[in-house]
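A quick write-up on the structure given underneath.
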Amino acid sequence: MRFRYPYLLFFSLIFMAASSQYIPKFDVQGHRGARGLRPENTIPAFLAALDTGVTTLELDVVITKDKQVVVSHEPWMSAAICLDSTGIAIAEKSEKKYNIYQMTYDEVKLFDCGSKGNEKFPEQQKMRVAKPLLSDVLAAVETQIKNLNSYEVDYNIEIKSSPQDEKKFHPTIEEYSDLVYNLVNEYIPTDRLVIQSFDFRVLQYWHKKYPDIRLAALVENTKSIDANLKDLGFKPSVYSPYFKLINKEKVHYLHQEKIRVIPWTVNEVSDMLSLKGMGVDGIITDYPDRARKYKMTLNIGRK
């Protein structure tokens, strides 16, 4: 295979000789594709992220009434980024009435979640685009990789669940998880899949039923690492905290426990470089193009 980014070739040859599992040396993950550049969690965002040289595509999934896996951060139509099926803005107080779990995908795809843009990301290109099926994202990305003779990326998929939303905005975590696993398994080798969640019940289920899948514990609380790991009940592949909650000592401790550290969501170059100096194993960012500019400093590549 010819590599799109020649500097990855050396790392890749070493990697392939040593292991059959893809592990980036420094993992730059495009958050919701490349939210700073294109409408979040859409096919254009994922293809734009590929163009920046990411090693992982980070995305969120929800479930429709007809059991389709849709790529979306919220299980409803966000008033901040979506227009309704007639092109009219959605009132923030009404957004949860547009419950994706109570809609078929034929209904979901009528909403425009790109033309409005996102005021928090002024560089984001506006375009009319619908929330895609996960299957369509996987097909589009894999086709792009094949057509460009590019290197394969991982998919870091967040399952967004909570006890209070179960059966209201999403199915049980068992059904939710199985729908995701079965679909992904049709498109890519599962050694390219990472499952992340703030809901430790999800990770516990995957750890038991799908023990070969890498798992990432998302963390935004101020508990100690040991307290969070105790709550989880096992050591995940990745500990993924809000980036302001991590420091060099915590990174060192997690590495001693053989756990990789990939914080979120890191958008300023100064923070990227600071975290790299702490020894983190990657970053999740809305602006993977910014990370690319510092690829030699960040040392993006494969083990």
Legend entry - Residue check, residue 95 in contact with a strand residue (DSSP E or B) (Cβ under 7 Å, 6 or more places away or on another chain), in a helix (DSSP H, G or I) and at pLDDT 95 or above: yes
Inset, instruction - Collect the residues in the range 227-242 that are surrounded by fewer than 16 Cβ atoms within 10 Å (Cβ to Cβ) and either among the aliphatic types (A, V, I, L, M) or under 22 Å from the mean Cα position of the chain (by Cα) (or both), keeping them in residue-number order. - result: 227, 234, 235, 242
Inset, instruction - Go over the candidates 126, 146 one by one and state the one that is farther than 21 Å from residue 61 by Cα and free of Cβ contacts under 8 Å to residues at least 12 places away in the same chain. - result: 146
Legend entry - Of residues in the range 48-70 being more than 14 Å from the chain's Cα centre (by Cα) and not in a loop (DSSP other than H, G, I, E, B), the one surrounded by the fewest Cβ atoms within 10 Å (Cβ to Cβ): 51
Legend entry - Residue match in the range 248-257 (condition: loosely packed, with under 15 Cβ neighbours inside 10 Å, outside any helix (DSSP H, G or I), touching a residue at least 12 places away in the same chain (Cβ under 8 Å) and not charged (D, E, K, R)): no
Legend entry - Near pairs, Cβ below 9 angstrom, 6+ apart or cross-chain, from the range 78-99 (closer than 18 Å to residue 64 by Cα) to any residue that is crowded, with 16+ Cβ neighbours inside 10 Å and among the basic types (Lys, Arg): 82/116; 82/131
Inset, instruction - Please state which of the following conditions residue 281 fails to meet, knowing it meets all the rest: (1) modelled with pLDDT of 95 or more; (2) among the charged types (D, E, K, R); (3) surrounded by fewer than 17 Cβ atoms within 10 Å (Cβ to Cβ). - result: (3)
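The values are calculated or read from the model by the stated rules, or taken from the named source; none is laboratory data. Keep in mind the model is a prediction, meaning the values are calculated, not measured. Here Cβ is always computed from backbone atoms with ideal geometry, including for glycine, and neighbour counts include all displayed protein chains.
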